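The values are calculated or read from the model by the stated rules, or taken from the named source; none is laboratory data. Predicted, not measured: the structure shown is a model, and the values here were computed from it. FYI the Cβ positions are ideal-geometry reconstructions off the backbone, even for glycines, and counts take in every protein chain you see. Calculation scope for accessible area: heavy atoms of the full protein, side chains included, ligands and nucleic acids excluded. Shrake-Rupley method; radii C 1.70, N 1.55, O 1.52, S 1.80 Å.
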Amino acid sequence: MFGFKRKQEEKIMKLIVGLGNPTPQYAKTRHNVGFEVIDILADQYNIAVDAAKYKGLYGKGKIQGQSVILLKPMTYMNLSGESVVAAANYYKILPEDIIVIYDDINLDVGRLRIREKGSAGGHNGIKNIIAHLGTDEFPRIRIGVGMKPPKMDLADYVLSRFSEDEQVQMALGYEKACKAAGLMVMDDMVKAMNDYNGK
């Protein structure tokens, strides 16, 4: 369970979490967009996300001069909170310094919605993180993966892959998500929302 008090003088570190499912069969699926953004951030900022701990894969580095941890929970989506709370507790990272990146079926493909807090909105990974942290007050970047076709099962849809046209739109979405994360680690939440919400 989550719980500690950080001394005022202690250095603030940001935890950036990308949600997804481990194992190769889930790679590049709609539910794994959080992993995709973490991989791109890792490449951009030369952070090796290959250490296995906190029920996930993680790496430490700097983004915009700010100390960060990039984390990919390996618990499967529905238990993401176990990994997030383990890393947050170890590094004494408060919820407001945890940025979670994940898929949203209610947004058009590649569109972003950035919020400082909010409900799970039916997303099981976020639901589990809220349960473990004991709060929904943590920033998040939601990336649209498009609405499911009417007769398709939701689980099948989120575990499906993008079409070629959608891949182009998602590449732009990933790029914007990385830029938004760069602003958010500098606590420029307002600019991140103004620049990238709905874009």
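Where in region 97-195 are the helices (runs of 4 or more DSSP H), entirely inside, with at least 2 residues that are closer than 16 Å to Gly81 by Cα and in contact with a Gly (Cβ under 6 Å, 6 or more places away or on another chain)?
Details: elements: 124-133, 154-158, 164-185.
By residue number, 124-133.
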Restricting the search to region 66-94, which residues are without any contact (Cβ under 8 Å) to a residue 60 or more places away in the chain, more than 29 Å from Glu166 (Cβ to Cβ) and surrounded by fewer than 21 Cβ atoms within 10 Å (Cβ to Cβ)? Ser67, Glu82, Ala86, Tyr90
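Taking the stated definitions as given, is Val33 open to solvent by less than 20 Å² (accessible area, probe 1.4 Å), in a strand (DSSP E or B) and within 25 Å of Lys148 (Cα to Cα)? Don't jump to the end; show me each part of the working.
Values: open to solvent by less than 20 Å² (accessible area, probe 1.4 Å): yes; in a strand (DSSP E or B): no; within 25 Å of Lys148 (Cα to Cα): yes.
So Val33 does not fit the description; no.
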Based on this model, can you work out whether Gly61 counts as under 24 Å from Leu112 (Cα atoms) and among the small types (Gly, Ala, Ser)? no
Scan region 132-176 residue by residue and report those that are among the β-branched types (Val, Ile, Thr) and either open to solvent by less than 70 Å² (accessible area, probe 1.4 Å) or touching a Phe, Trp or Tyr at 6+ places or on another chain (Cβ under 7 Å) (or both). Thr135, Ile141, Ile143, Val145, Val158
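Kindly establish whether Arg161 is among the basic types (Lys, Arg) and either over 15 Å from Lys28 (Cα atoms) or without any contact (Cβ under 8 Å) to a residue 60 or more places away in the chain (or both). Spell out how you get there, then give the answer.
Numbers: among the basic types (Lys, Arg): yes; either over 15 Å from Lys28 (Cα atoms) or without any contact (Cβ under 8 Å) to a residue 60 or more places away in the chain (or both): no.
So Arg161 fails the test.
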